[in-house]
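Scroll down for the structure; my scribbles are underneath it.
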Amino acid sequence: MSSHMIAVIGGDGIGPEVVEAGVKVLEALTVAEPGLAFDFKRFDWGSDYYRGNGRMMPRDGLDQIKAFDAIYFGSVGDPNLPDDITLWGLRLAICQGFDQYANVRPTRLLPGLTGPLRPELGKRIDWVIVRENSEGEYAGVGGRVHRGLPIEVGMDVAVFTRTGIERIARFACDLASSRTRKLLTVVTKSNAQRHGMVLWDEVVREVVRDYPSLTVDWMLVDAMTQRMVNKPDSIDTVLATNLHADILSDLAAALGGSLGVGATSNIDPSRRHPSMFEPIHGSAFDIAGRGIANPIGSFWTASLMLDHLGEVAAARRLMVAIEIVTDRGEFLSPDLGGAASTAAVTAAVIEALRSN
């Protein structure tokens with residue numbers, strides 16, 4: 001029997017709702033997949049924890065979850081707390097503390113869904129965006145001085161290291177090499193960012209020389225947005241910096257039908273630490289507690305987690321169940337044009353698991 005210890009951190013807003021829906025689906029999957037088992041442990045970290053303790057998670061939080069096989073994460077963010085406190089206090093503290101330097105975000109227009117692009121374009125979307133997840137624009141280097149004075153200064157420094165660039169480039173090349181099209185697009189902005197991004201270009205070019213089977217092209221980030229809209233079939237695997245990929249992957253999810261469908265892996269490729277898996281939609285406090293949050297992104301995320309854990313057949317079985325539900329169109333949440341509740345979508349996916 002394969003039993004996996006999973007740390008469950010619902011976090012804020014709709015995070016607990018969609019993650020608990022995901023736990024139900026994973027538990028149902030163990031019935032469909034004999035020999036598969038999970039040991040879930042919940043951690044009540046997030047903005048409510050902050051209000052009671054002055055921290056988003058305990059000081060020894062990383063020690064508490066370092067022995068788990070994976071982390072299943074909901075969302076972070078609260079309208080009554082500064083975003084930098086909530087993000088840096090929990091999600092980024094885990095990503096950086098566990099050196100989860102590879103953020104992987106797949107995008108497809110799932111069967112039955114309608115995105116904003118013309119149907120013949122939307123059906124051509126089949127991308128994986130690889131985001132550098134440990135440095136760049138989110139390195140946390142900078143500060144503020146002379147607060148409240150006319151000469152006040154706030155500065156964030158984008159940090160690019162040769163090691164950081166090389167390892168994410170190699171990860172992206174390996175991933176692109178494993179895909180049928182063997183096509184990699186490298187996103188940059190070195191025409192304007194003349195130091196860090198020029199180093200990015202130079203190091204990535206060094207790495208791709210080791211992958212002669214790949215077709216590699218380069219795009220400025222602003223031009224990449226129009227290419228994603230106008231020529232989606234020209235894209236397969238995308239490599240971009242922390243900030244650029246963050247923005248592009250939200251655009252990708254929207255083109256795939258909804259942010260509620262998007263899935264993410266935060267990977268430590270060395271496997272010295274647990275990797276973390278989360279839907280990309282954020283805390284969505286405007287619909288929290290109403291029972292209408294789209295859990296599909298959480299389910300797709302669970303499939304990514306299963307694949308990372310070596311449960312390839314179970315991961316595929318879950319994706320097939322998701323696609324059955326979206327293709328039928330009977331149980332779609334409001335963001336996808338339907339009227340189904342979170343619970344109804346969850347029940348439909350569980351039923352599809354039993355039947356496929």
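The values are calculated or read from the model by the stated rules, or taken from the named source; none is laboratory data. Bear in mind that the values here come from a model prediction, so they are computed numbers and not experimental data. FYI the Cβ positions are ideal-geometry reconstructions off the backbone, even for glycines, and counts take in every protein chain you see. Accessible surface is based on the protein model in full, side chains and every heavy atom, while ligands, DNA and RNA are left aside. Shrake-Rupley method; radii C 1.70, N 1.55, O 1.52, S 1.80 Å.
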How about K24: which aspartates and glutamates have a C-alpha closer than 17 Å to its C-alpha, ignoring those fewer than 8 places off in the same chain? E33, D39, E278, E351
Take the alpha-carbon centre of region 102-158, take the same for region 222-256, and report the distance between them in whole Å. 10 Å
Kindly sort M197, M219 by accessible area of their heavy atoms, largest first, with the probe set to 1.4 Å. M219, M197
Restricting to lysines and to Cα separations under 28 Å from K123, and discarding same-chain partners fewer than 8 apart, the set is K182, K231
Around G46 (Cβ within 11 Å, Cβ-to-Cβ, excluding G46; K/R +1, D/E -1) the net charge comes to -1
In 10 Å bins starting at zero, report the fraction of Cα pairs in region 223-356 per bin as a rounded %. 11, 37, 36, 16, 0
Estimated vicinal HN-Hα couplings, Hz - region 130-137 in sequence order (Karplus 6.51, -1.76, 1.60; Gly, Pro = x): 9, 10, 5, 10, 10, 9, x, 6
If every Lys and Arg gets +1 and every Asp and Glu gets -1 at its Cβ, then about the Cα centre the chain yields a dipole, in debye to the nearest 20, of 500 debye
Work from the charge dipole of region 80-175 (Cβ charges, +1 for Lys and Arg, -1 for Asp and Glu, about the Cα centre) and give the residue of A158, H146, Y101 farthest towards its positive end. Y101
Sort 97-110, 34-47 by packing, meaning the average of other beta carbons within 10 Å per residue, with the highest value first. 97-110, 34-47
For W218, the residues 5 or more places away or on another chain with a placed amide H closer than 5 Å to its own amide H are V186
Taking 0.36 nm per residue of separation and subtracting the Cα-Cα distance, what length does fully extending E27 through V198 add? 56.8 nm
Excluding residues fewer than 8 positions from K66 in its own chain, the lysines with Cα under 17 Å of it are K41
How many angstrom lie between the C-alpha centres of region 312-331 and region 336-356? 9 Å
Order 83-94, 15-26 from most to least packed using the mean count of other Cβ atoms within 10 Å. 15-26, 83-94
Here region 313-326 yields Karplus 3J(HN,Hα) values (6.51, -1.76, 1.60; θ = phi - 60°; whole Hz; Gly and Pro given as x) of 5, 5, 4, 5, 4, 5, 4, 4, 5, 4, 5, 4, 5, 5
Putting +1 on Lys and Arg Cβ atoms and -1 on Asp and Glu Cβ atoms, find which of M197, I85, S177 reaches farthest to the positive end of the dipole of the chain. S177
If eta is 0.692 mPa s and T is 37 °C, what Stokes-Einstein diffusion coefficient results for region 1-44, Kirkwood Rh from Cα pairs, in µm²/s? 298 µm²/s
Using a basic spin-label model with each label point 7 Å from the Cα along Cα→Cβ, how many nm lie between R147 and D233? 5.5 nm
Name the residue from I6, M56, L239 whose Cα lies farthest towards the positive end of the charge dipole of the chain, charges +1 on Cβ of Lys and Arg and -1 on Cβ of Asp and Glu. L239
Any idea what the dipole of region 25-84 comes to, in debye rounded to 20, about its Cα centre with Lys/Arg Cβ at +1 and Asp/Glu Cβ at -1? 180 debye
Semi-axis lengths, Å, region 131-182, gyration tensor of Cα atoms, sqrt of 5 times eigenvalues: 37, 10, 6
Relative contact order of region 1-144, pairs being alpha-carbon contacts under 8 Å that are 6 or more residues apart, as %: 25 percent
For region 1-111, the accessible surface attributable to carbon and sulfur atoms (probe 1.4 angstrom, ligands and nucleic acids excluded) amounts in percent to 48 percent
Bin by bin, in steps of 20 Å, what percent of the Cα pairs in the chain do you find, going until the bin that has the longest distance? 30, 60, 11, 0
Find the accessible area per residue for the chain; the probe is 1.4 Å, ligands and nucleic acids are left out, and the unit is Å². 43 Å²
Please list 3J(HN,Hα) in residue order for region 221-229, calculated via the Karplus relation 6.51 cos²θ - 1.76 cosθ + 1.60 where θ = phi - 60°; whole Hz, with x for glycine and proline. 4, 5, 5, 5, 4, 6, 5, 4, 7
